[in-house]
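Notes to accompany the following structure.
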Amino acid sequence: MASWTTSPQGPYPAGWAVAQPIQSFALPRGDTDGATDQTFRLIVKPDLWSKTIRLRLANTFGNRPVTLGAVTVGLQSTGGNLLAGKVQQVSFHGKPEVVIPVGEELYSDEVSLDLDPADPLLQGRNLAVSLFVKGASGPLTWHCDAFYTSYLSAPGSGDHTQDKNEAAFPFTTTSWFLLDAVEAQADPDTAVVCAFGDSITEGVNSTLNGSDTWPDVLSWRLHSAYGNKIVVVKEAISGNTVTTCPREGGTSVNGPSAADRLDRDVFGVAGLRYVVWLEGH
């Protein structure tokens, strides 16, 4: 079942110049080379924890294959630091390195988190997914408005996916890159609700790292009523429109329109049962 999702945008940089964060401090040639021999530590909040997860990685809007030399997962402590314990290596068909083809997405092998999903330690805890981009990625598939702080190492700094502290991650970003889903093993009768929409669903004006968007509140209420039999994930893009917007050259502001991304961002969500759609135009 989907436990966390986001909607791919791109390539970076794309959209209105005033509607996206500037990442040039960490991606000085982001429009041509993208990331270069550096590590992303992406912070995401699963709505359902399980002992086994898998990742979905996307090169949807890239113009060249992206090579990931290593990928790991761990529990966030504070900032870019990880909780004490084993950092889990992620593999792809049994290998630590993977190439994501242009325009495609792929899944990792199953990853054992070596944890008890019922452990109170997990309440409010975030997952840290570390990706080492080997070589130059080219323009990156990303998600602009994450409303979570993630961490980047410097260009050319190499593989820091196994680091448990944040010393090698001097840069912060409020965007996600290359990762677009985390899936968790769940009972077959678990239902997934997808919140699909624009900036209101995305969480504009919510608290950075506060997990207080309306889909978050919906999640709290549904978990209170139904426990882990229901999961809420979000597929929203700020400025998104139902159909194309002529003033933006035929594309929706900041990303593909709802109509263009419906198959991928809604029907492609594992375990989907319900959709809440809130969007204009």
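Look at the alpha carbon pairs under 8 Å that are at least 6 residues apart: their mean separation over the length of the chain gives a relative contact order of 27 percent.
Ranking THR149, SER224, ALA258 by how far each Cα lies toward the positive end of the dipole of the chain (charges on Cβ) leaves THR149 at the top. Among the chymotrypsin sites (Phe, Trp or Tyr not before Pro) in the range 12-115, those placed in a DSSP loop whose Cβ has at most 16 other Cβ atoms within 10 Å are TRP16, PHE25. Scan the chain and report its longest stretch carrying no GluC sites (Glu not before Pro) that are both in a DSSP loop and have at most 15 other Cβ atoms within 10 Å. Looking at the chain, 111-281 is the longest stretch - no exposed GluC sites (Glu not before Pro) with at most 15 other Cβ atoms within 10 Å. Every helix of 4 or more DSSP H residues in the chain counts as -39500 (n - 2.57), and over all residues that averages to -2000 deg cm²/dmol at 222 nm.
Please check the chain for the longest run free of trypsin sites (Lys or Arg not before Pro) that are loop-located per DSSP (anything but H, G, I, E, B) and have at most 14 other Cβ atoms within 10 Å. Here the longest segment lacking exposed loop sites spans 87-281.
With Cα atoms defining each centre, the range 167-205 and the range 109-144 are spaced 11 Å apart in the structure. Only one residue of ALA270, GLN89, ALA168 has its Cα farthest out toward the positive end of the dipole of the chain, where Lys and Arg carry +1 and Asp and Glu -1 on Cβ, and that residue is ALA168. For the chain, the antiparallel share of DSSP beta bridges with both residues in that region comes to about 75%. Taken over the alpha carbons of the chain as equal point scatterers, the Debye sum produces base-10 log I(q)/I(0) values at 0.12, 0.17 Å⁻¹ of -0.70, -1.51. Diffusion of the range 16-90 by Stokes-Einstein, at 10 °C in a medium of 1.306 mPa s and with Rh set to the Kirkwood radius over alpha-carbon pairs, works out to 104 µm²/s.
Put a plus charge on the Cβ of each Lys and Arg, a minus charge on the Cβ of each Asp and Glu, and nothing anywhere else: the dipole of the chain about its Cα centre is then about 200 debye. Model label points for VAL204 and LEU121, set 7 angstrom from Cα along the Cα-to-Cβ axis, are 4.0 nm apart. Legend: calculated FRET efficiency, HIS223 to THR67, from the Cβ-Cβ distance at R0 = 25 Å, rounded to 0.05, equals 0.05.
Rule-based calculations on the coordinates, nothing more; no lab input. Since we're looking at a predicted model, the values are computed, not measured. Quick reminder, even Gly has a Cβ in these numbers, built from the backbone with ideal geometry, and neighbours come from all protein chains shown.
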